[in-house]
Every structure is written in structure tokens, then in C-alpha cells.
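Have a look at the structure below before the remarks.
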Amino acid sequence: MNLKITDKKGVAVPEDLIGLFFEDINYSADGGLHAEMIENRSFEFLRAQGNWDKDYWVEYDGLYGWKPYPQDCSLSMRTVMGSPVSEENPHYLRVQAKTAGCGFTNKAYDGIYLESGKSYRVSFYARMAHYKGNLSVSVQKEGKIFAQADITCIHVPEDTWRKWNRYEAVLTPAETVRHADFVITLSEAGVVEFDFISLMPCDAVCGVFRKDLADMLKDMKPAFIRFPGGCIIEGNTLANRYRFKDTLKPMEHRKHNWSRWAVHNCNAENGYLSPYAYYNQTLGIGYYEYFLLCEYTGAKPLPVLNVGLACQYQSHELVDVDSPEFQEYIQDALDLIEFANGDISTRWGAVRAGMGHPEPFGMELLGIGNEQWETEQVDFFERYRRFEKAIHAVYPEMKLIGSAGPELNSERYQKAWEFYHAEGEKNPEFAYAVDEHYYIRPDWMLQNNDYYDAYPRNVKVFFGEYAAHPYQWDNYNSSRDNTIGGAVAEAAFLTGIERNSDVVVLASYAPLFAREGYAQWGPDMIWFDDATAYGTPSYYVQKMFGQNQGTVMLDLNGQEKALAQQELFVSVSLDEKTGDLILKAANSKDSAQELHVEFPNSMIPEEGTAEILAGEKKEDYNRIEEPDKIVPYTEAIAAGQTDFTLPGNSFTVIRIPLK
Ligand code: AHR
């Protein structure tokens with residue numbers, strides 16, 4: 001195959017093009033990016049069950065994950081209320097030991113993983129109701145202690161024992177251990193109360209994020225992060241929606257919430273009780289932490305707000321646009337912008353400063369609603385109008401994102417685009433971009449590389465949630481859905497997005513994370529367990545795009561169409577900052593293809609590199625036992641080289657400095 005590169009500049013590539021979408025789904029936050037190792041640390045867990053879109057309920061089960069240790073010891077545990085550490089999270093643990101040496105342990109998702117050479121901070125609140133002894137905290141497995149800290153308790157006169165004291169210690173294991181027990185032991189018989197028991201690795205990024213996961217995101221060089229959802233912002237019901245203000249408080253005071261994903265796919269076969277019934281949100285990653293994550297990864301923040309609608313798949317619940325409650329949602333939007341950008345003399349800017357960040361976060365982008373659409377019962381368009389008017393009256397520079405609903409080329413999608421185009425005619429700032437979501441067969445992505453070629457240009461597109469889904473959705477909980485075939489299709493489609501990046505200005509794969517054994521949705525970009533994390537082929541495609549963004553596309557005069565007929569999908573851009581030519585090529589054939597590149601006289605190619613991601617078969621994928629089966633490798637390119645072999649089922653980024 002031949003490709004004649006031209007020096008004719010095409011569209012300027014927006015610097016925000018390739019970003020991330022983080023949603024607390026598949027245990028991405030609690031049990032995932034949030035480095036907290038204790039499950040149900042504040043004794044507030046709820047169990048959700050029932051028919052996910054018709055009749056479901058949540059039940060308090062505050063002892064979930066906790067049990068006496070050793071199992072047969074004489075210790076009773078109960079969760080009680082009365083004088084908690086935090087009124088927002090009113091339950092706490094009361095243990096009564098009948099003999100010395102009794103303790104209790106935590107499930108900690110899959111048990112505790114400690115790595116030798118690292119240290120872990122344990123902290124908790126406790127008070128000695130009727131107790132004269134001390135405590136010890138340890139991590140044990142099969143009778144062996146891997147790390148231990150002794151805690152000297154504060155004993156106060158009987159009538160003042162209700163004051164909570166915070167205890168802290170550091171555990172430093174000499175050996176690595178997995179699936180171990182976290183144990184708190186009482187040295188004597190007596191009654192002690194506990195709350196907010198936490199174990200965090202000391203290397204947690206910003207004191208919050210699991211380091212390996214945060215670094216995998218940083219390595220991708222994401223241009224933006226959309227957060228915190230997804231359906232999670234809508235909630236199953238409005239009562240269950242994500243309220244960002246609840247998260248702008250000290251950890252102990254962040255009001256616990258159950259996860260809308262806890263009832264996902266409850267059905268008759270599983271007795272209306274899903275394996276994820278105990279999926280809860282402790283909000284250890286709240287809005288402040290999302291902004292910190294953006295700062296850490298170098299991404300722009302793109303928060304998404306609820307517009308007074310519960311998840312439209314599960315509910316018709318809404319607040320009336322003319323009600324005072326709706327004004328609260330609008331006020332939330334204004335307050336969020338002030339929180340992110342206001343100076344410290346403002347109410348919400350002062351809250352941000354109080355949390356440790358006096359400098360503004362520089363938020364430019366804001367999502368109005370998640371995956372919403374207009375129906376006879378749901379006036380989403382009017383909601384958007386009201387948000388837009390209120391926000392732009394105070395913050396005219398804010399770039400607002402609308403929604404085109406959950407799928408392409410549907411009636412609701414058509415209606416949405418008619419709406420944004422009509423409003424955009426009157427007011428070009430009405431919507432900066434419209435969020436399109438598609439979870440779709442790889443073939444569709446290959447056949448529709450030109451999807452955006454003829455799109456109207458006046459309102460931009462946010463390709464906000466997408467993934468190639470090679471299989472029917474029968475079992476989400478496996479990375480086998482993240483095939484190299486799917487990833488190559490995503491890469492192929494992204495070459496079309498780059499070519500059309502005058503209209504598609506933001507793109508993010510979804511979902512981002514999944515914990516092995518805890519996933520409600522697949523495919524997912526990054527999989528992890530208690531100890532390790534690995535990228536899927538889709539992760540590497542995203543990373544290769546994120547790390548190799550040109551500043552301007554080079555016009556191929558339609559050659560990409562002929563190449564696409566041969567299952568070769570290409571884009572060529574120039575990075576004007578480095579002077580590099582960047583050629584991306586996805587080969588969706590099973591066999592290798594040769595590409596002969598002709599450079600114009602104005603370009604003299606020097607020595608470069610080719611980064612190649614390839615799999616033998618379309619169905620190949622990475623898994624926890626074989627995480628590096630498909631990873632990119634690099635080959636040197638000689639100065640003046642014009643012939644390139646593109647392996648079957650591959651995505652290649654060729655980067656060549658030009659003289
Ligand atoms: O990414 C998973 C879900 O897909 C998101 O929560 C929602 O926006 C979409 O339906």
C-alpha cells in the first residue's frame with residue numbers, strides 16, 4: 001500500500017482531544033483508585049437488592065466485612081448510634097471482649113496485601129467505654145504476624161470517656177503478604193468503641209490514590225478527566241444521586257451513599273441479589289480529590305452535574321424545573337465553579353483553600369447532565385437551557401457540555417442534535433460540545449471511520465463514552481472482552497476522530513477501571529486486583545494516542561478512504577512543538593501489510609521510532625495471569641526509511657523528526 005504524505009496542513013488538533021472518563025463503577029473508587037484498604041471503615045454499609053429498575057431496596061448492614069478474630073474468641077460486636085464521630089455517618093462499632101487477647105478483623109475486599117519495603121498508616125477513632133487495657137494492630141495470615149503496632153490507649157475518668165480519640169500507627173512489613181487479615185486485638189477484657197478504621201499505604205498519591213493506578217493514568221498524558229460519572233451522578237433515585245458538596249468535608253464527615261451499580265443486573269436468576277450488593281460509596285475520592293487527580297496527571301477537570309434527573313434507565317424521577325429544588329441544582333453548578341476557580345475571598349474558594357489548595361484549579365469545562373435525553377416525561381432540553389443561562393450569566397467563559405443520549409443515530413440522538421444546532425444558531429456559546437456515547441461492535445468502528453467527515457461543524461462533539469464491544473454482554477467480569485481486535489478498531493476510529501478534530505474536540509474511553517471479580521461492566525480499560533494492575537490493549541491504544549498528539553493534521557487528500565478499503569486506517573499529523581511527523585496506522589487484517597510512504601521534498605525524515613501494539617489473533621487479550629501478552633514494543637526507524645511493515649491486528653505509531 002502507498003501513502004503520499006503532503007505538507008498541506010489540515011485541521012488544528014485541539015490539545016484537549018484525548019482524555020479520560022472516570023466513574024465509580026466496577027469498584028473503581030472504593031476498592032480501587034482510593035488507596036483505602038479497609039472495607040466499610042465507618043460501619044455504614046448498606047446492602048442493595050431487588051429488581052433493579054422496578055422494585056429494589058437498601059438495608060443497613062453496618063457489620064458487613066467485620067468479624068471477631070479469632071473466629072471462636074469471646075468477643076461480641078455490634079453497631080450502635082448515639083454519639084458518633086460524625087453526625088453524617090452515625091453508626092460506630094462497640095465491641096465487648098470477655099477475655100484478654102480477643103480481636104476483630106476486616107474483609108478488606110480480597111484481604112490485605114502488604115509489600116515489604118513499604119509502610120502503611122493505620123488510624124482509627126476509639127474510646128474506652130469500660131476498658132483499662134491497650135490495643136494492638138496487626139496483619140496476620142495463618143498464625144504468622146507480618147506487621148504489628150502496639151497502641152497505648154488514652155484512659156480518662158469514667159464520666160468523660162465519650163470523647164473520641166484518634167490513634168495512628170505505621171505498619172512496616174518485613175515480608176510481602178497477600179490475602180491476609182487486618183486485626184485489632186484487645187489486651188484485656190472490656191468494652192471499647194471504634195469508628196473510622198483506616199489502613200492506607202504511605203505512598204498513596206496525594207495521600208489518597210493507589211499509586212500504581214494513579215501512575216498508569218499519569219503515563220497516558222490525559223488531556224482531561226471527566227468525572228465522577230456516568231450514571232453514578234444521576235443515582236437510581238435522586239436520593240441516591242452523587243452530591244458533590246457532601247464530599248467537600250473531612251473524610252469522616254462525608255455522608256455515606258450506596259452505589260447505583262449495586263443493583264445493576266439483579267434478576268430472577270441471581271434471586272435479585274447481585275454479587276455487588278455491598279457496593280457502597282464512602283466518597284474517599286470526592287470532588288476535591290478529583291481536582292487533585294487532574295493536577296497530578298496534568299489533565300483538565302471536566303466535572304459532570306446532575307440536572308435534577310435520576311438515571312433515565314431506571315427511573316422517571318425528576319424535580320420540576322420551576323421548583324425551588326431545581327434552583328438548588330443550579331446553585332450547585334455555580335458553587336462548584338466558585339469552588340474550583342473562585343479566589344479565597346469567595347465562600348467556596350475559601351472551602352477549597354481550607355482543604356489545602358488556595359490556588360484555583362482553573363476549571364474550563366463542565367458537563368450539564370450525564371447521559372440524558374428528552375422524552376414526553378423528561379424535559380431535559382429545558383433543564384439544559386436553564387443551567388446554561390444561569391451559568392453563562394455569571395461565568396460566560398465556561399465551556400458547557402450537553403448530551404446526545406445513550407446511542408447514535410436514534411430518534412433521541414437526532415432530536416438532541418436538532419436542539420443543539422438550533423440553539424447554537426442563536427447563541428454559539430450555548431453548548432461548547434455535545435456528549436455522544438457508544439458501546440459498539442468493532443466492525444462498526446472499522447466501517448464508519450468516516451463517521452464525522454460530514455458532520456456539521458457549528459456545534460462540537462465530545463466523544464465522551466465509547467468502547468468496542470466484540471462480544472454479546474453475557475459476563476462482564478472478565479478482561480477477555482478487551483481484545484486486541486477491539487482495540488485496533490478503537491484505534492482505527494480514533495484516526496478518523498483526529499482527522500475530524502475540528503468537530504470532535506474531546507474523546508474518552510469508558511469505563512476506565514475494573515477490579516477483578518467486582519465488575520458490573522465490560523470491557524474496561526485497566527484491570528487490577530489487590531496487588532497488581534495491568535493495561536488492556538485498549539489502554540495501550542489510548543496511551544499511544546495520548547502520548548503522540550500532533551498539533552496539526554496533514555491533509556491526505558482522501559487517501560485514507562482507499563486505505564480503509566484495505567483495512568488500513570491512517571492519520572498523519574505534525575507536532576509543531578518538536579518538529580516530529582506522527583503517522584498512526586491501524587491494521588485490522590489478520591495478516592501484515594506493507595506501507596510505502598512518500599515524503600514531500602519539504603520533509604527530510606531523520607531517524608525515528610515505531611511503537612507497535614499487535615496481537616496474533618483478534619480475540620487475544622491481556623489477563624492477570626498474562627498481563628503483558630499484548631504490550632507495545634519499539635523499533636528504530638532509519639533516516640530516510642520509507643517502507644514499513646504493519647503486523648496483522650496492530651496499531652503502530654511512527655514518530656519521525658523532520659529536518
Ligand atoms: O460507562 C458505563 C455507563 O454507560 C455510564 O455510567 C453511563 O453514562 C452509560 O450508560
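The values are calculated or read from the model by the stated rules, or taken from the named source; none is laboratory data. Since the structure is predicted, the reported quantities are computational estimates derived from the model, not experimental observations. When we count neighbours, we look across all protein chains shown, and the Cβ atoms used for this are built from the backbone with ideal geometry, even at glycine.
When restricted to residues that are buried (at least 22 other Cβ atoms within 10 Å of the Cβ) and assigned to a helix (DSSP H, G or I), region 416-468 contains 4. Being of a type in the set (A, V, I, L, M), more than 25 Å from Phe22 (Cβ to Cβ) and within 16 Å of the ligand (Cβ to nearest atom): is that true of Val378 here? Answer is yes for this residue.
Let's see how each residue does on (1) in contact with a Leu (Cβ under 8 Å, 6 or more places away or on another chain); (2) away from the ligand (no atom under 16 Å from the Cβ); (3) under 30 Å from Gly496 (Cα atoms); (4) not in a loop (DSSP other than H, G, I, E, B):
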position: Tyr27; (1), (2), (3), (4): no, no, no, no
position: Arg41; (1), (2), (3), (4): no, yes, no, no
position: Ala48; (1), (2), (3), (4): no, yes, no, yes
position: Pro68; (1), (2), (3), (4): yes, yes, no, yes
position: Ser76; (1), (2), (3), (4): no, yes, no, yes
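A quick yes/no check of all residues on (1) surrounded by fewer than 24 Cβ atoms within 10 Å (Cβ to Cβ); (2) closer than 17 Å to Gly286 by Cα:
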position: Glu188; (1), (2): yes, no
position: Pro201; (1), (2): yes, no
position: Ala204; (1), (2): yes, yes
position: Gly207; (1), (2): yes, yes
position: Asp219; (1), (2): yes, no
position: Pro222; (1), (2): no, no
position: Ile232; (1), (2): no, yes
position: Asn236; (1), (2): no, no
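The strands (runs of 3 or more DSSP E) found wholly in region 141-235 and carrying at least 3 residues that are β-branched (Val, Ile, Thr), away from the ligand (no atom under 16 Å from the Cβ) and out of contact with any helix residue (DSSP H, G or I) (no Cβ under 8 Å at 6 or more places or on another chain) occupy 177-186, 190-201.
Annotation: Ala126 fulfils all but one of (1) over 22 Å from Ser83 (Cα atoms); (2) in a strand (DSSP E or B); the unmet one is (1).
If you go through region 483-517 and keep only what is within 29 Å of Asp110 (Cα to Cα) and within 14 Å of the ligand (Cβ to nearest atom), you end up with Tyr509, Ala510, Pro511, Leu512, Phe513, Ala514.
If you go through region 240-262 and keep only what is farther than 13 Å from Ile25 by Cα, in a helix (DSSP H, G or I) and in contact with a strand residue (DSSP E or B) (Cβ under 9 Å, 6 or more places away or on another chain), you end up with Asn240, Phe244, Asp246, Met251, Glu252, His253. Of all residues in region 244-256, those satisfying the criterion of being in contact with a helix residue (DSSP H, G or I) (Cβ under 8 Å, 6 or more places away or on another chain) and either buried (at least 19 other Cβ atoms within 10 Å of the Cβ) or of a type in the set (A, V, I, L, M) (or both) are Phe244, Thr247, Leu248, Arg254. A Cβ distance below 9 Å, combined with a sequence gap of six or more or placement on separate chains, defines the contacts here; from region 382-395, residues that are acidic (Asp, Glu) reach residues that are in a helix (DSSP H, G or I) in the pairs Glu388/Glu423. Selection over region 518-559 of residues that are more than 16 Å from the ligand (Cβ to nearest atom) and within 25 Å of Asp110 (Cα to Cα) gives a count of 8. Scanning region 4-23 for residues that are within 16 Å of the ligand (Cβ to nearest atom) and either within 26 Å of Thr105 (Cβ to Cβ) or surrounded by fewer than 24 Cβ atoms within 10 Å (Cβ to Cβ) (or both) gives no hits. Under the condition of being under 27 Å from the mean Cα position of the chain (by Cα) and at pLDDT 95 or above, which residue from region 422-438 is nearest to the ligand (Cβ to nearest atom)? Only one residue fits best here, namely His437. Does Pro456 qualify as being at pLDDT below 95 and within 16 Å of the ligand (Cβ to nearest atom)? Here the answer is no, as Pro456 does not meet what is asked.
Considering only residues that are outside any helix (DSSP H, G or I) and either without any contact (Cβ under 8 Å) to a residue 40 or more places away in the chain or surrounded by fewer than 23 Cβ atoms within 10 Å (Cβ to Cβ) (or both), which ones fall in region 284-295? Spell out how you get there, then give the answer.
Applying the first criterion (outside any helix (DSSP H, G or I)) to region 284-295 yields 284-286.
Listed by number, the list holds a single entry, Gly284.
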